[in-house]
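Below you'll find the structure, written out as structure tokens, and then a few comments.
Every number here is computed from the coordinates shown, using simple stated rules; none is lab data. All figures in this text were calculated on a predicted structure; none of them were measured in a lab. Neighbour counts run over all protein chains shown; Cβ positions are idealised from the backbone, glycine included.
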Amino acid sequence: MPRQIHVIGPYNTGTNLLFNIINNSECMDLTEHKVITTPHQDKPINKHTLEIKDIEEYLNDPNNILIIMYKNIYNWLYSIKKEHYSIKYTKLYLPLELNNKKFPNMIELYNFYYINYMSLLERYPNAIFLDYNKVIENSTSFDYINQKLSKVQMRLSSIKNFNKILMKPSKNHGNPVKNANEAKNQYINNQQIVSNFLNNKPKFKRSIKHILINYYENK
């Protein structure tokens, strides 16, 4: 059975950006020596799914490659405040609902995703993750992504096409940034804005799991 690659992550973590990168930068499957593309973004599994068993079923086939997008909790909260999509909430620090599942607050939804993703990454060699912050770093992004893809025997071939993708919006909905440079410029500022907000909400801030930050940002 031919190999396939799929990108997942919570809303607003760069899944569209990576989808565009994979499908437009001549991603080579080094085991079969051919260009590989991702299927429709919500197939074979919904890219934002909360159903971990569906992801496990996908990963149980070693021919299936999974890329998980990671975004720092501070920047993710800022993104969700800007555009929350299907998440039903009133305040970030109050209970919410997504796909008929309830969570005490927005950070706990984030924790649910990334704790389960961490478990998948530890158990399945055909799952890798990319840090959004490093993907939008123009000077090193191409090499960073290829270093990660090498773990699943894949590689981006066209740096020219890759650079074109970084220089335009990743999607046409959700009020996206214009390009990776704008995204990078906003990243540090947005992180500080949310950090200040959380300092005034100490109970909410205690929901942050630093084990996740250490896991995803130090690997």
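Subtracting the Cα-Cα distance from 0.36 nm times the residue separation, let me have the gained length for Thr90 to Ile159 in nm, one decimal. All intermediate terms of the calculation are to be shown ahead of the outcome.
Working: separation 69, 0.36 × 69 = 24.84 nm, distance 4.24 nm.
Separation in residues times 0.36 nm, less the Cα-Cα distance, equals 20.6 nm.
What number, rounded to the nearest 500 deg cm²/dmol, is the helix-based mean residue ellipticity at 222 nm of the chain, given -39500 (n - 2.57) per DSSP H run of at least four residues and division by all its residues?
My calculation for the chain gives -13000 deg cm²/dmol from helical runs alone.
So if each residue of separation counts as 0.36 nm, and I subtract the Cα-Cα distance between Asp42 and Ile115, what length gain in nm does that give?
Working: separation 73, 0.36 × 73 = 26.28 nm, distance 2.14 nm.
Fully extending the segment from Asp42 to Ile115 adds 24.1 nm.
I'd like the FRET efficiency for Ser150 and Gln186, computed as 1/(1 + (r/R0)^6) with the beta carbon distance as r and R0 of 25 Å, rounded to 0.05. List each step's numbers first, then the result.
Details: r = 30 Å, r/R0 = 1.19.
FRET efficiency, Ser150 to Gln186: 0.25.
Would you please put 6-19, 80-93 in order of how densely packed they are, using the mean number of other Cβ atoms within 10 angstrom per residue and starting with the highest? Walk me through the numbers before you get to the answer.
On the way: 6-19: 23.9, 80-93: 14.8.
In descending order of packing, they fall as 6-19, 80-93.
Over region 4-217, what is the mean sequence separation of C-alpha contacts under 8 Å (at least six apart), divided by residue count, expressed as relative contact order in percent? Could the numbers behind the result be given before it?
Details: 306 pairs, mean separation 54.3, N = 214.
So the answer I get is 25 percent.
Which of [x] 11.4; [y] 26.2; [z] 16.8 is the computed mean projected area of the Cα convex hull in nm² for the structure on display?
Only one listed value fits the structure, namely [x].
Using +1 at the Cβ of each Lys and Arg and -1 at the Cβ of each Asp and Glu in region 4-217, identify which of Leu30, Asn196, Asn111 lies farthest towards the dipole's positive end.
Highest projection toward the positive end goes to Asn196.
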